[in-house]
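Worksheet for the structure shown next.
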Amino acid sequence: MKANTREDYLHRIDRVVAVLQSAVEQGGELPELVQLAEVAHLSPFHFHRIYRALSGETVGQTVARLRLLRALQLLAGAGERITDTALAVGYETPQAFARAFRQAFDATPSELRGQRERLHEAMQRLRLPATPVQASEPVLKVEVVSVEPFRVVAARYVGDHRALDQAYGRLFEWAAGHALLERMAGIYGVPHDGMPDSVPDEGAFDCALAFAGNEVAIDAHTFALQLGGGLWARWRHIGSYDRLGVLTDRLIAGWLPGSGYRLRDELPFRHFLDDPEDTPEAVLRADIYLPVAPV
């Protein structure tokens, strides 16, 4: 089967945006995840992750942008009441609409309506994502490898991923308390950033350690995970461990189209090869793994 190009993926994203825009303009219910995934011919499991990587924004951010765009179009018309505009574009109350409007434009709807030039400039700006993916990405040295399944012990963290070192510190303390540090065989992480409004480097993250030898008993503070199994696209990052979520999105946008592979219905994971406490930030190494299968 022919590999999907970047243009193919972008056309799929465009179809999704068109469906969302139609729903906003008609004041109807927004499509469900499965419907949007069908429009894009993508697996529902990875739909939000791929959409965000290719468009530069989450589906929720797209909907918010399209609602404000439609609101501007209605306000540009003669005699449109602001309350009617708010309800027509999907806001539950005029107050919620006013808050979103002021946050986006630093003005009230009535103030912006009186500034025709600024009104039309705002419409032009909202026609595109706030952070569109660049047309060209640097060449990524990605290899597709087979990974035997392996077991890790994990602890869930929720928050800003820049504080992951503290979460890993607690996991290391747990391992030390169970006399496991000498058996440690690897440091791993699993980001849960494929949900509707999740953004890279925030939200749930499973901090994980692999151990050699017999299986490790878990307790109330930990749980077992199996990673690997099957084919994985592996890309090595050298540098700070901050913003690995953003880099994973760039990997998906820059490598997956045209690669001859698709994402399998598993979570990506990371293998941290160095300890930030012992290694200068500039030479830290981390392997990012994407679950793949031939197209």
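Quick note: the coordinates plus some simple rules give every number you see, no bench work behind them. Because the structure is predicted, anything quoted here is derived from the model rather than measured. Please note: Cβ atoms are built from the backbone with ideal geometry, for glycine as well, and neighbour counts cover all protein chains shown.
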Completion exercise
Expressed in nanometres to one decimal, the distance between label points 7 Å along Cα→Cβ at D8 and E80 is 3.9
Handout entry: Separation in nanometres of the label points that stand 7 Å from Cα toward Cβ, at N214 and S22
Key = 6.2
Fill in the blank from the handout: If the label point sits 7 Å along Cα→Cβ of V199, residues of region 50-93 with amide N under 20 Å come out as 50-69
Handout entry: Translational diffusion coefficient (Stokes-Einstein; Kirkwood radius from C-alpha pairs) of region 142-294 at 37 °C, 0.692 mPa s, in µm²/s
Key = 204
Fill in the blank from the handout: Simple SL model, points at 7 angstrom along Cα→Cβ for L128 and L181; separation in nm is 5.2
Fill in the blank from the handout: Contour minus Cα-Cα span, E92 to K141, at 0.36 nm per residue, comes to 12.9 nm
Exercise for the section: When you have a sec, figure out the Kirkwood radius of region 149-232 from all distinct Cα pair distances and drop it here in Å to one decimal? Expected result: 13.5
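Once fully extended, how much extra length lies between Q166 and V34, figured as 0.36 nm per residue of separation less the alpha-carbon to alpha-carbon distance?
Values: separation 132, 0.36 × 132 = 47.52 nm, distance 3.67 nm.
Going from the current span to full extension adds 43.8 nm.
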Problem - Range of Cα positions in the chain per principal axis (Å), largest first - result: 74, 46, 35
Handout entry: Extreme residue, positive dipole direction of the chain, given options G245, L68, L119 (C-beta unit charges)
Key = L119
Exercise for the section: At a temperature of 4 °C and a viscosity of 1.567 mPa s, determine how fast region 171-218 diffuses translationally according to Stokes-Einstein, using the Kirkwood radius over alpha-carbon pairs as Rh; express D in µm²/s, rounded to the nearest whole number. Expected result: 104
